[in-house]
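The values are calculated or read from the model by the stated rules, or taken from the named source; none is laboratory data. This one's a predicted model, so the numbers in the text were calculated from it and none came from an experiment. Methodologically, a virtual Cβ is constructed for each residue, glycine included, from the backbone with ideal geometry; neighbour enumeration extends over all protein chains shown. SASA here: full protein model, heavy atoms, side chains in, ligands and nucleic acids out. Shrake-Rupley method; radii C 1.70, N 1.55, O 1.52, S 1.80 Å.
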Amino acid sequence: MNPATIIITGPTASGKTSRAVALARRIGGEIISADSRQIYRGMDIGTGKDIGEYGDVPVHLVDIAPAGYKYNLFEYLRDANAAEADILSRGLTPIVCGGTGLYVESMLKGLRLPQVPPDEQLRRQLSGKSLEELTEILSAMKTLHNVTDVDTPQRAIRAIEIQRWYEQHPEARGGECDPQPARSLIIGVDIDREARRRRIESRLRHRIDHEGMIEEVKGLLDSGIAPDDLIYYGLEYKFVTLYLTGSLSREEMYAQLLIAIHQFAKRQMTWFRGMERRGFTIHWLPYDLGADEFTDRVVSLIHP
């Protein structure tokens, strides 16, 4: 049987979007983003939306929330599952494309989560604590598999809030999984470490010097979004905000951001290898295949 849904994933700077677009045109598909930051409007350059690459191919779950909002896994699964059902109902193929491993794996597992409400009292209690203190609290509550939980104090507080809610509602712990999740074919865009590092550095330099990434973040701050809300998103938005608010020099911003992106890509690969250990089959295809050859290889996996 042919797969109902195709996943195209891989680390940052591997060229996933162009591959997904080429495949969508070839097989009659629509794309569902699996990128935790492309959700937000106005955050285009730093997230690498590359909207122009999609052309006439419809894309779902991009630009669906305002910058400053804190979109979560519950909302992603709700919205991604709705988009997948809609695409399938029209006889087309959903192509999930993105590098947020938590989103990809949770969707593949058919995970269903309860909506965890905010706990304002807990937030007030934790508001003065350092990131190190918050990380220690969360570590005592659960094993930290997802390091983005403790990327910023706000993320750590939300993770503690969710974990506490699960402790108070043990019947919901771990969520529920659909016993028959959609049949899926998982394609990984494989790029070696050195090529990935070169592409990350080249892309970052171009975004800063030619695409206006710093100006984008300044515009978000000028629109009234609080610096802490941008720092919450991590990576480009964290370090450029720190630069614009005077906490880092331009040189420090660039150097620290470059290191952080390399570390992020490494964590992505660790997640994907973990998925393979957890029983998911990822078909890795070289990043430097031509678009036609890449789609040929995917089609041969769809129709073996």
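Scanning segment 62-93 for residues that are farther than 27 Å from Ile45 by Cβ and surrounded by 17 or more Cβ atoms within 10 Å (Cβ to Cβ) yields Phe74, Leu77, Asn81, Glu84, Ile87, Thr93.
Here Gln268, Gln263 are screened, and the one residue that is free of Cβ contacts under 8 Å to residues at least 24 places away in the same chain and under 18 Å from the mean Cα position of the chain (by Cα) is Gln263. Number of residues in segment 7-43 that are surrounded by fewer than 22 Cβ atoms within 10 Å (Cβ to Cβ), touching a residue at least 60 places away in the same chain (Cβ under 8 Å) and assigned to a helix (DSSP H, G or I): the value is 4.
One residue stands out among those in segment 116-146 that are within 13 Å of Arg158 (Cα to Cα) and among the hydroxyl-bearing types (Ser, Thr, Tyr): the one that is nearest to the chain's Cα centre (by Cα), which is Thr135. Does any residue of segment 119-140 turn out to be at pLDDT below 90, in contact with a Lys or Arg (Cβ under 8 Å, 6 or more places away or on another chain), open to solvent by 40 Å² or more (accessible area, probe 1.4 Å) and among the hydroxyl-bearing types (Ser, Thr, Tyr)? No, there is no match, as no residue in segment 119-140 is at pLDDT below 90, in contact with a Lys or Arg (Cβ under 8 Å, 6 or more places away or on another chain), open to solvent by 40 Å² or more (accessible area, probe 1.4 Å) and among the hydroxyl-bearing types (Ser, Thr, Tyr).
Determine whether Phe239 is open to solvent by less than 30 Å² (accessible area, probe 1.4 Å) and either free of Cβ contacts under 8 Å to residues at least 60 places away in the same chain or among the polar types (S, T, N, Q) (or both).
Yes, satisfied.
Do we have Ala65 as of a type in the set (A, V, I, L, M, F, W, C) and farther than 13 Å from Thr93 by Cα here? Considered against the rule, which asks whether it is of a type in the set (A, V, I, L, M, F, W, C) and farther than 13 Å from Thr93 by Cα, Ala65 comes out as yes.
When Pro94 is tested against (1) under 30 Å from Ile214 (Cβ atoms); (2) outside any helix (DSSP H, G or I), only condition (1) is not met.
Number of residues in segment 219-271 that are of a type in the set (S, T, N, Q) and in a loop (DSSP other than H, G, I, E, B): the value is 4.
One line per residue, one yes/no per condition, for (1) farther than 30 Å from Ser184 by Cα; (2) among the charged types (D, E, K, R):
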site: Arg203; (1), (2): yes, yes
site: Ile214; (1), (2): yes, no
site: Tyr243; (1), (2): yes, no
site: Phe272; (1), (2): no, no
site: Phe280; (1), (2): no, no
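Candidates Gly48, Gly10, Gly42, Gly29: the one that is modelled with pLDDT under 95 and either among the aromatic types (Phe, Trp, Tyr) or touching a helix residue (DSSP H, G or I) at 6+ places or on another chain (Cβ under 9 Å) (or both) is Gly48. Against the test of being more than 29 Å from Asp209 (Cα to Cα), surrounded by fewer than 21 Cβ atoms within 10 Å (Cβ to Cβ), of a type outside the set (Ser, Thr, Tyr) and touching a residue at least 60 places away in the same chain (Cβ under 8 Å), the options Pro3, Pro58 yield a single qualifying residue, Pro3.
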